[in-house]
Amino acid sequence: MRAALYDRYGGPEVLYEGTVAKPDAGPGEVLVRVHAASVNGGELLGRAGRVRPVTGLAGRGFPKRTGIDFAGEVVETGSGVSGYAPGDRVWGALPRTFGSAAEFVAVAPRQLAPAPAGIDLVEAAALPGVGTTAVTALRDKARLAPGERLLVRGASGGVGSVAVQLGRAYGAHVTALAGAKNLDLVRELGADEAFDYARTEPEDLPPFDVVLDTVGTGMGAYRRRLTRNGRMVTITFDIERVLASLSYVAASAVFGPRRIRAFSGDPGHELFAELTRLTESGAVRPVVDRVLPLAEIAEAHRALEAGGIRGKVVVRVLGPRA
């Protein structure tokens with residue numbers, strides 16, 4: 001089967017479309033024909049060799065794969081699987097590994113949920129990873145309540161664009177920080193206020209009950225914008241200063257009430273099912289910057305790495321139907 005591969009760590013140019021063995025639906029697994037996958041920040045770090053405890057040492061296990069989340073349709077189910085049948089539309093993510101940018105994936109049912117009705121599967125592929133991250137951050141970690149003030153940093157990106165919509169759905173007053181060219185987008189998504197991050201200093205902003213940080217820098221300055229019982233959730237760190245960032249997060253849990261919460265996403269069925277409900281209700285919609293074919297996987301990584309993406313870059317695996 002076709003899959004996105006790389007034979008060495010490096011820039012986007014190391015990626016190519018190659019072939020690997022097609023997986024089978026083993027006991028307790030569902031085989032999914034992938035219509036599309038999206039590109040996530042963790043995949044950029046993996047491809048560049050910056051998270052080798054996860055991807056392995058250079059020279060071992062190549063060629064390596066990329067892709068975390070996906071949307072597609074069930075092809076077959078292994079023994080012991082119930083609730084899914086061939087032809088079912090599904091979405092989900094691989095459990096703490098890469099490889100969804102391929103024609104087929106075999107996953108456990110707990111990594112899936114029915115994809116939302118009324119939405120194309122290629123467009124839907126923009127949501128599973130970032131959508132479940134935003135739900136975890138705001139619903140589970142921050143416990144965002146109606147009437148609270150929410151600040152979203154990086155509001156036009158993958159997670160940020162969903163978080164703005166969720167903040168509105170949860171009844172919060174949403175303030176968005178984004179690039180000047182994306183302010184109209186985040187207002188359209190539900191932001192009550194939107195500011196150009198390049199022209200706005202943290203001290204220019206009012207206090208917030210919840211800050212969702214998708215940027216990873218300047219955490220101290222934004223933590224100081226929290227109310228006394230405020231909560232800050234970060235989903236990323238400055239990779240060049242990761243130890244300092246982790247130390248700061250740990251210290252925030254000890255000194256003072258304004259704690260920074262960090263987490264590593266590993267979504268399962270409940271989160272995917274909740275995202276399906278939110279999408280079908282109209283509370284959340286995917287924001288797709290561009291769709292590229294699997295053969296252009298290098299360009300897909302290059303686009304996300306360059307920054308300025310509105311929502312997600314999606315990689316189409318199954319060709320358009322005639």
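Between Gly67, Gly72, Gly92, Gly18, which is in the same structural domain as Leu304 (by the TED database) and either modelled with pLDDT under 95 or surrounded by fewer than 20 Cβ atoms within 10 Å (Cβ to Cβ) (or both)?
Values: Gly67 fails: either modelled with pLDDT under 95 or surrounded by fewer than 20 Cβ atoms within 10 Å (Cβ to Cβ) (or both); Gly72 fails: either modelled with pLDDT under 95 or surrounded by fewer than 20 Cβ atoms within 10 Å (Cβ to Cβ) (or both); Gly92 fails: either modelled with pLDDT under 95 or surrounded by fewer than 20 Cβ atoms within 10 Å (Cβ to Cβ) (or both).
Of the residues listed, the single one that is in the same structural domain as Leu304 (by the TED database) and either modelled with pLDDT under 95 or surrounded by fewer than 20 Cβ atoms within 10 Å (Cβ to Cβ) (or both) is Gly18.
Return the pair list, or none, for Cβ contacts closer than 6 Å from residues in segment 202-225 that are outside the structural domain of Gly179 (by the TED database) to residues that are assigned to a strand (DSSP E or B), at least 6 apart or on different chains.
Correct list of pairs: empty, since none qualify.
Could you check, for segment 126-145, whether at least one of its residues is more than 30 Å from Glu270 (Cα to Cα) and surrounded by fewer than 24 Cβ atoms within 10 Å (Cβ to Cβ)?
Restricting attention to segment 126-145, the residues satisfying the condition of being more than 30 Å from Glu270 (Cα to Cα) are none.
No.
Against the definition (assigned by the TED database to the domain that holds Ala300, open to solvent by 10 Å² or more (accessible area, probe 1.4 Å) and modelled with pLDDT of 95 or more), how does Ala117 come out, yes or no?
So Ala117 fits the description; yes.
Select, from Val152, Val135, the only residue that is in a strand (DSSP E or B), over 23 Å from Gly319 (Cα atoms) and not assigned by the TED database to the domain that holds Glu43.
Val152
Please find, among Val159, Val152, the residue that is open to solvent by less than 10 Å² (accessible area, probe 1.4 Å) and touching a helix residue (DSSP H, G or I) at 6+ places or on another chain (Cβ under 7 Å). Before the answer, list the steps.
Working: Val159 fails: open to solvent by less than 10 Å² (accessible area, probe 1.4 Å).
From the options Val159, Val152, the qualifying one is Val152.
Give the residues of segment 303-317 that are surrounded by fewer than 18 Cβ atoms within 10 Å (Cβ to Cβ) and in contact (Cβ under 8 Å) with a residue 12 or more places away in the chain, sorted by residue number.
Within segment 303-317, the subset surrounded by fewer than 18 Cβ atoms within 10 Å (Cβ to Cβ) is 305-308.
Glu305, Gly308, listed by residue number.
The values are calculated or read from the model by the stated rules, or taken from the named source; none is laboratory data. Since we're looking at a predicted model, the values are computed, not measured. As a convention, Cβ positions derive from the backbone with ideal geometry for all residues, glycine included, and neighbour counts pool all protein chains shown. Quick note on the areas: whole protein, heavy atoms, side chains included, nothing else; ligands and nucleic acids left out. Shrake-Rupley method; radii C 1.70, N 1.55, O 1.52, S 1.80 Å.
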